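Encoded as structure tokens, the structure appears first; notes follow it.
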Amino acid sequence: MQEQSVQWSRVYTTSDRIEAGIVKSMLEDNDIPVVEMNKQESAYVVIGEIELMVPTDSHREALQLIKTWQRKA
């Protein structure tokens, strides 16, 4: 049996590691799988972005959770 490949879509981008961790944890707490793509320069952490990716079928739900979180922050 062949496993279906998961399509991922970006739902959040930030240069702040702590903020990325908070959003990632919030999504995982709501049973949404998250992949973190750290594109920051290793020598200079202030350069670059961290992208959070979720399965495409969870994209809309993830964006709604992020909007709710941003209103509270």
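The values are calculated or read from the model by the stated rules, or taken from the named source; none is laboratory data. Just so it is clear, the model here is predicted, and its values are computed rather than measured. Positions of Cβ are backbone-derived with ideal geometry, glycine not excepted, and every protein chain shown enters the neighbour counts. These accessible areas exclude ligands, DNA and RNA; they are computed on the full protein's heavy atoms, side chains included. Shrake-Rupley method; radii C 1.70, N 1.55, O 1.52, S 1.80 Å.
Numbers below:
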item	result
Flag if GLU36 is open to solvent by less than 50 Å² (accessible area, probe 1.4 Å), outside any helix (DSSP H, G or I) and either modelled with pLDDT of 90 or more or touching a strand residue (DSSP E or B) at 6+ places or on another chain (Cβ under 9 Å) (or both)	no
Residues being open to solvent by 100 Å² or more (accessible area, probe 1.4 Å) and more than 13 Å from the chain's Cα centre (by Cα) - total across segment 2-30	4
